[in-house]
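Input: a single structure, listed below in structure tokens.
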Amino acid sequence: MLLSTHSKEKSMYQILIEEIEQTRTLMIQTAVREGMTSPNTLQVSQSLDALLNKLHLFFYQ
């Protein structure tokens, strides 16, 4: 039982890391295209911040 829970957590971690990388790439692309202070860049940046906060909670909760 413990092993299956551990595997489930690892897959959740992998999914979160993939989402962070995809959002980071999108933020960079948006910033290059629209500028660092565009509303779209800021929105994607906030989404990235939320994902990074989830990652922090994953390790420290």
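The values are calculated or read from the model by the stated rules, or taken from the named source; none is laboratory data. Predicted, not measured: the structure shown is a model, and the values here were computed from it. Every residue, glycine among them, receives a Cβ derived from its backbone with ideal geometry; neighbour counts consider all protein chains shown. In case anyone asks, the SASA skips ligands and DNA or RNA and just uses the protein heavy atoms, side chains included. Shrake-Rupley method; radii C 1.70, N 1.55, O 1.52, S 1.80 Å.
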Of all residues making up the stretch 32-61, the number that are open to solvent by 80 Å² or more (accessible area, probe 1.4 Å), among the β-branched types (Val, Ile, Thr) and assigned to a helix (DSSP H, G or I): 1
Cross-chain or 6+ apart pairs with Cβ under 7 Å, the stretch 37-61 first and within 10 Å of Met27 (Cβ to Cβ), then outside any helix (DSSP H, G or I): Thr41/Gly35
